[in-house]
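Readers should treat all values here as calculations from the given coordinates under stated rules, not as data from a laboratory. Because the structure is predicted, anything quoted here is derived from the model rather than measured. Neighbour counts run over all protein chains shown; Cβ positions are idealised from the backbone, glycine included.
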Amino acid sequence: STNNNAGRNELVQFAIQNTSNLSASAIEEIDEFITGFDDKEVFIKFKETFVKHLLDNVVNPRINNPDERIKSYFDFCFKNRAVIKDESLKNITKRMYQKEAALPFWKDTIIKSVPQVDNIFVVEVTEDIFRIIESANNLTYQNNCVELLKALLKIVPDENKNQLIAKLINLLINPNATIRQTGVQYLDDIKNISNINFFKTTLSNVVRHLCD
């Protein structure tokens with residue numbers, strides 16, 4: 001109805017205008033208030049609009065310059081991801097590891113959130129992170145990416161996991177000395193998360209390549 005739409009618009013405008021001043025606990029209080037009226041269309045629409053606004057206009061611009069308030073907003077949006085499009089959330093999650101300075105802040109959030117989406121997204125993210133490892137010239141950034149990849153590899157489906165393990169072992173013969181150093185530094189860790197027979201066979205192939 002017209003009255004419902006007017007009421008929803010007033011709620012949305014109030015929440016949006018005051019977002020920058022809202023604490024994480026205030027956001028949760030708003031959520032609890034909305035949830036109490038989940039059977040009412042006006043509140044369902046309000047929640048959808050509010051979550052989308054937080055994600056697109058508050059969290060997204062601060063992904064590379066985050067603080068605990070922004071993190072709490074992302075956590076809130078992720079918890080309510082059913083009311084927004086998955087692609088928006090996925091794209092913002094991927095941005096968390098694409099800048100060296102932001103990755104340490106977001107690392108735990110990525111490890112916690114990515115597996116909750118689906119296995120396809122887990123594979124997408126791990127392959128994305130490997131491409132960064134393979135191309136970055138900054139050793140600190142590479143190491144942070146490897147640490148993240150190690151954590152996610154534990155839940156990657158086996159058929160994809162072996163492909164990534166093989167790529168990590170093959171860092172030992174990468175033309176870039178910094179990348180080779182990363183491969184050497186994490187070889188024991190790679191072994192510990194691998195199928196031992198697969199690890200031995202792949203490493204033997206790399207050693208054979210070095211000896212040729």
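Results, tabulated for the structure shown:
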read-out: Estimated dipole of the stretch 42-127 in Debye, rounded to 20 [Cβ of Lys and Arg +1, of Asp and Glu -1, Cα centre]; value: 260 debye
read-out: Estimated FRET transfer efficiency (Asn137, Asp108; beta-carbon r; R0 35 Å; 0.05); value: 0.85
read-out: Full-stretch length increase - Asp56, Val207 - with 0.36 nm per residue and alpha-carbon distance subtracted; value: 49.5 nm
read-out: Modelled FRET efficiency - R0 25 Å, Lys200 with Thr178, Cβ distances, 0.05 increments; value: 0.45
read-out: Sequence-distant aspartates and glutamates (8 or more away, or on other chains) whose Cα lies within less than 18 Å of Lys79; value: Glu28, Glu29, Asp31, Glu32, Asp38, Glu48, Asp56, Glu68, Glu87, Asp108, Asp118
read-out: Lysines whose Cα lies under 22 Å from that of Lys154, excluding same-chain neighbours fewer than 8 positions away; value: Lys90, Lys94, Lys107, Lys112, Lys167, Lys191, Lys200
read-out: Translational D in µm²/s for the stretch 159-212 (Stokes-Einstein at 4 °C, 1.567 mPa s, Kirkwood Rh from C-alpha pairs); value: 116 µm²/s
read-out: Residue-by-residue Karplus 3J(HN,Hα) for the stretch 133-147, coefficients 6.51, -1.76, 1.60, Hz, glycine and proline x; value: 4, 6, 10, 6, 9, 9, 5, 4, 4, 4, 4, 5, 5, 5, 4
read-out: 3J(HN,Hα) from dihedral phi, the stretch 178-185, Karplus parametrisation 6.51/-1.76/1.60, rounded to Hz, x for glycine, proline; value: 5, 5, 4, 4, 4, x, 5, 4
read-out: Chain lengthening between Lys191 and Asp118 when straightened (0.36 nm per residue, less Cα-Cα); value: 23.7 nm
